[in-house]
1. Over the Cα atoms of the chain, Rg to Rh with Kirkwood Rh, two decimal places?
2. Using helices alone, what [θ] at 222 nm do you get for the chain, with -39,500 (n - 2.57) per DSSP H run of 4 or more residues, divided over all residues and rounded to the nearest 500?
3. At q = 0.15, 0.21 Å⁻¹, what base-10 log of I(q)/I(0) does the Debye formula yield for the stretch 160-300 when every alpha carbon is treated as an equal point scatterer in vacuo?
4. Evaluated at 20 °C with a viscosity of 1.002 mPa s, what Stokes-Einstein diffusion coefficient in µm²/s does the stretch 2-90 have when Rh comes from the Kirkwood expression over alpha-carbon pairs?
5. Go through Gln3, Val288, Pro247 and say which Cα lies farthest out towards the positive end of the charge dipole of the chain; charges sit on Cβ, +1 for Lys and Arg, -1 for Asp and Glu.
6. Let me check I've understood the local charge: for Ile72, count other residues with C-beta under 13 angstrom from its C-beta, Lys and Arg +1, Asp and Glu -1. What total comes out?
7. Enter the mean projected area of the convex hull around the alpha-carbon atoms of the stretch 268-313, in nm², rounded to one decimal.
8. Going by amide H atoms built from the backbone, whose H comes under 5 Å of the H on Gly270, apart from near neighbours?
Amino acid sequence: MKQQLESIQKQAMEKLAQASDLKELEELKVAYLGKKGELTQILKGMGTLSPQERPIIGQLANEIRGSLEEGILSAKNRLTRELRNERLKAEVIDVTMPGKMRPVGKKHPLTTVMDEMKDFFLGLGYEIAEGPEIELDYNSFEALNIPKNHPARDAQDTFYISENVVLRPHTSPVQIRHMMSNTPPIRIICPGRVYRSDTVDATHSPVFHQVEGLVVDKGVTMGDLVGTLQAFAKAIFGENSRIRLRPHHFPFTEPSAEVDVSCWGCDCSGCRICKGEGWVEILGAGMVHPNVLRECKIDPDIYSGFAFGVGVERITMGKYGIDDMRLLFENDVRFLKQF
């Protein structure tokens, strides 16, 4: 039995030294040290030995088992190291090779114009106010002096989720929320998406963007509004831009006006952009109606304010000469690359 054990040790060590992969190594481990392995089978015959021989053979068997286990561990480390070196050699990177140029994204024209508008008003000391796009009917209409029977509340213009909940048709509810939770002086702009039940065409979309502004303080006048909008037009359309106000009616402002800017394409001489009129309408504005101030717990005898609302798509189309609003929403890379 001693000779058998020594023979198994010699044979096993030779095979371990020649093992070429981890799978072969695992098979050798099972063949010699497994439950049915050669060393295990010999040790099962120790019961036939005399009491004097058992300790000697037992000690020798344990030494051989330990030797085989060390040999297996050494072979495993060797094979793992060789495998890692082969992988590193195959995965070597030539850092001198030129890299692959990836296309770099750019700001969407809507985002560019929105950021320009934000920067202008932030520079004047305004704050940015935000609110939910799913809004209460009360904040969207009643608080803005638009009664239940007003045409603007017709479902043809507004997306109603329920009788009292709508997709906001303008960002004016943000102004209402801000006035109800803050005391004057207030100077905010409210940029964001709005929703109206419009048919998609070159100049209409059911989803578009607005930037509305609100100033409430003591002694605010229509002159302050005109000066602010004139500065805004110069910042967005150029230093030579001029504005004009035309009387209009909005339920939430009194007096109210629609604001035009001198055509950036012809400087009021008439062209395709302004359809020969020399002016392009860009926004609606006016002094905040006293009823709106009262609804927000602000005393109109002490405070006054002005508000305005700008359609970002209209400004963007005018600024970049885009003649179809749908181009702004189709995400055609060929179109976006121009900006």
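1. 1.52
2. That comes out to -12500 deg cm²/dmol.
3. Scattering profile of the stretch 160-300, log10 relative to I(0): -0.91, -1.40.
4. 151
5. After comparing all options, I get Gln3.
6. With Lys, Arg at +1 and Asp, Glu at -1, the neighbours total 0.
7. Approximately 4.8 nm², given one-decimal rounding.
8. Those lying under 5 Å, H to H, from Gly270 are Gly278.
No lab work stands behind these numbers, since they all come straight from the coordinates. Quick caveat, the model's predicted, so the values are computed rather than measured. Here the Cβ is made from the backbone with ideal geometry for all residues, glycine too, and neighbour counts use every protein chain on show.
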